[in-house]
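Some notes on the structure that comes next.
The values are calculated or read from the model by the stated rules, or taken from the named source; none is laboratory data. Keep in mind it's a predicted model, so treat the numbers as computed, not measured. Cβ coordinates were reconstructed from backbone atoms using ideal geometry, including for glycine residues, and neighbour counts include every protein chain displayed. Ligands, DNA and RNA are stripped out before the accessible areas are found, and what is left, the full protein with its side chains, is counted by its heavy atoms. Shrake-Rupley method; radii C 1.70, N 1.55, O 1.52, S 1.80 Å.
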Amino acid sequence: MHSIDSSKPRNTIKNLKIFSDDFEGALKDFWMTNEFTDTTRYGIVRDPLDPENKVLKIQLKLTDRIANGWRSEIKIKTALDSMGYKNKLSFKFLLPESFYAKEKKSGRIVIQQWHNRPYPGLDWRSTIKVRPPQALYFEHDENGDWRLILQTGLFVGNIDEVRLGKIDSISPNVWHKFELESFWSLYSDGYFTASLDDNCFIYDSAESCKLNGRNMYHTNPSYMKMGLYRSGSQTNDREIFFDDFEMTTGRIHYFPLEHSEN
């Protein structure tokens, strides 16, 4: 009799992929730029704090609408994480003071997300609302208050397993480092481990770094995006800078055809 071996994840990594871009020259060829209205919305520029360093600048204008969303986002075309994949991701970002321009209404500006794919037979215009299993975004209100939010967990139909962590103070004109480790699973052994500048996010007044729980809706792969995506009725253009992008990904568990004999 054959049975699936569902013991703890192995240390062996299959199909390991490594992505690295310090944005010192042209964008590496693993990036996709099809979610910009035109090529003026992104480019390699001088670091605002160090003229000897080069970084990626991304802009979002009020009229920039792609795939039914107000976005200027970059994504990796060959990194598709599915069941049993472990992913380690890190990058630096810098916000100019203009990023915090006051808005008349509340809203969100996403700077990074792991985006799931629709269920077979459905698309994003269907009546079933689905959130990405992970997103890093700034939330603002009409009073000019801002905070950084880390959203994780599943949300679709009557499933609401979303957890929201926050960091209230994110200084402009400072480089901040975000780190995220993911293990992708349909089951409770899935997890995210996240930090900003080596500090964990705050959940209900308690700090937490590791968030356990399923983080896949189905076995279709998720993909990583970063840049600017706005929701709400903002009236200001925005820009952000990125540097030192690093990602490693590979399958460590739920190998195909893996079984034990009983």
Which number in (1) open to solvent by less than 10 Å² (accessible area, probe 1.4 Å); (2) at pLDDT 95 or above marks the one condition that residue 241 misses? (1)
Determine if segment 195-206 includes at least one residue that is within 24 Å of residue 21 (Cα to Cα), assigned to a strand (DSSP E or B) and within 16 Å of the chain's Cα centre (by Cα). yes
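So, of the residues in segment 164-175 that are polar (S, T, N, Q) and open to solvent by 60 Å² or more (accessible area, probe 1.4 Å), which turns out to be nearest to residue 226 (Cα to Cα)?
Top of the filtered list is 173.
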Taking residue 196 as meeting all but one of (1) open to solvent by less than 20 Å² (accessible area, probe 1.4 Å); (2) modelled with pLDDT of 95 or more; (3) more than 21 Å from residue 99 (Cβ to Cβ), write down the number of the exception. (3)
Just for segment 55-76: of the residues that are open to solvent by less than 70 Å² (accessible area, probe 1.4 Å) and of a type in the set (D, E, K, R), which one is farthest from residue 40 (Cα to Cα)? 75
Regarding residue 234, is this residue under 28 Å from residue 96 (Cα atoms), surrounded by 13 or more Cβ atoms within 10 Å (Cβ to Cβ), out of contact with any Lys or Arg (no Cβ under 6 Å at 6 or more places or on another chain) and at pLDDT below 95? yes
One residue is enough: does segment 176-189 have a residue meeting the conditions part of a strand (DSSP E or B), among the aromatic types (Phe, Trp, Tyr), in contact with a Leu (Cβ under 8 Å, 6 or more places away or on another chain) and open to solvent by less than 10 Å² (accessible area, probe 1.4 Å)? yes
Among the residues of segment 136-152, how many are over 17 Å from residue 172 (Cα atoms), crowded, with 20+ Cβ neighbours inside 10 Å and not polar (S, T, N, Q)? 1
Look through segment 11-38, keep the residues that are acidic (Asp, Glu) and in contact (Cβ under 8 Å) with a residue 60 or more places away in the chain, and return whichever of them is most open to solvent (accessible area, probe 1.4 Å). 22
Take residue 219 and decide whether it is of a type in the set (Val, Ile, Thr) and modelled with pLDDT of 95 or more. no
Any strands (runs of 3 or more DSSP E) falling wholly within segment 21-86 and containing at least 3 residues that are within 30 Å of residue 186 (Cα to Cα) and in contact with a strand residue (DSSP E or B) (Cβ under 9 Å, 6 or more places away or on another chain): 31-35, 69-81
Given the condition modelled with pLDDT under 95, surrounded by 12 or more Cβ atoms within 10 Å (Cβ to Cβ), among the basic types (Lys, Arg) and in contact with a Lys or Arg (Cβ under 7 Å, 6 or more places away or on another chain), answer yes or no: does some residue in segment 39-50 qualify? no
